[in-house]
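For reference, the structure discussed in these notes is given below.
Throughout, read-outs are computed from the coordinates displayed, never taken from laboratory work. These figures come from a predicted structure and were not determined experimentally. Note: ideal-geometry Cβ built from the backbone for every residue, glycine included; neighbour counts use all protein chains shown.
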Amino acid sequence: MYKANSLEYQCFLFQKPEGMCDMARGFKLNTVNNVCFLTIPSFEKHRGIAHGFTTRIGGVSPPPFNAMNLGFSRGDDTENVKKNYEIAGDALGMDLSDMVAFRQVHENNIYIATKKDKGIGFSENRSEYDGIITAEENLPIATFHADCVPVFLFDPVRRVVGVVHAGWRGTVKRVVVNAIDKMTSDFGCSPADILAGIGPCIRDCCYEVGNEVIEKARGLTEIDISDCVSVKNNKYHIDIAEINRKLLIHFGLLPENITLCNQCTCCNDEIFWSHRKTNGIRGCMAAIIMLY
Ligand SMILES: [Zn+2]
């Protein structure tokens, strides 16, 4: 058998058949230089785009940040995080020292990144945005995650990419819709051309929430969320990945152009960072995308 916590064991867990991963519908697991990351098969059919969703696997950080932590503000040693960026960049095929990223505040503001923003992901005084769009080449844009929904966007016709951070607050504030709006208004994208990938996040199996979350989600009256809400042991559970998928479809994306990863970060905490599972003592994963 595999050694516990070995890369092989993690990948075995990830790919075990019983409901864990439907590779046909989901993201693809890649291993490059011992770094595990996920990609979206529909994006990979196109040239000139690099992207990936990192996992815990492949970095140098010691416990409790082991091993691939891409968050500078979690308490991990800065040198380890810098090294992790180098390792992740090599695996993903991007120079992440150019990365554009912001402080995420569970709002719905979208930033349009240009060359002048190169590297601001590493500056101390970053602005606050939960989504980024760009049409620039060689400009990696990123959002950070540990249970909140990552949404990758790519219009292969207009050559525009985006990443969005959507926890329950961002989801009910329609952050993903704002990203689509900006792609159409500022870049002339047609929603029917846009490919989307909804990455690993906490799913309804583990996401117990209070009544106020359900009430706010019911404010999304343009979609039917009844099958995204369940009750277990008298507590509400919600599926915010599926709600984001429904929003994307309602606002013009084609269902066949949306890839929903069916991995729950909280169920698979050996592979993914989960805020809930770790009580907040954890690292960060990144959703990164770049045109080239
Ligand atoms: Zn779960």
* Could you tell me whether any residue of the range 33-42 is under 25 Å from Ser185 (Cα atoms), assigned to a strand (DSSP E or B) and of a type in the set (Phe, Trp, Tyr)? => no
* **the range 34-80: number of residues that are of a type outside the set (Phe, Trp, Tyr) and either touching a strand residue (DSSP E or B) at 6+ places or on another chain (Cβ under 7 Å) or under 16 Å from Pro140 (Cβ atoms) (or both)** => 19
* Subset of the range 200-227 [within 14 Å of Glu242 (Cα to Cα), of a type in the set (A, V, I, L, M) and within 16 Å of the ligand (Cβ to nearest atom)] -> Ile202
* Asked: Which residue pairs have Cβ atoms under 8 Å apart, sit 6 or more places apart or on different chains, and have a first residue in the range 251-277 that is touching a residue at least 60 places away in the same chain (Cβ under 8 Å) and a second that is in a strand (DSSP E or B) and within 10 Å of the ligand (Cβ to nearest atom)?
  -> Cys264/Cys201; Thr265/Cys201
* To do: Evaluate the range 80-93: report whether one residue or more is buried (at least 23 other Cβ atoms within 10 Å of the Cβ) and assigned to a strand (DSSP E or B).
  => no
* Structure fact -> Filtering the range 143-186 down to residues that are in contact (Cβ under 8 Å) with a residue 40 or more places away in the chain, surrounded by fewer than 24 Cβ atoms within 10 Å (Cβ to Cβ) and among the small types (Gly, Ala, Ser) yields Gly167
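Per-residue answers, yes or no, for (1) away from the ligand (no atom under 12 Å from the Cβ); (2) surrounded by 24 or more Cβ atoms within 10 Å (Cβ to Cβ):
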| site | (1), (2) |
| --- | --- |
| Ile240 | yes, yes |
| Asn244 | yes, yes |
| Phe251 | yes, no |
| Asn268 | no, no |
| Phe272 | no, yes |
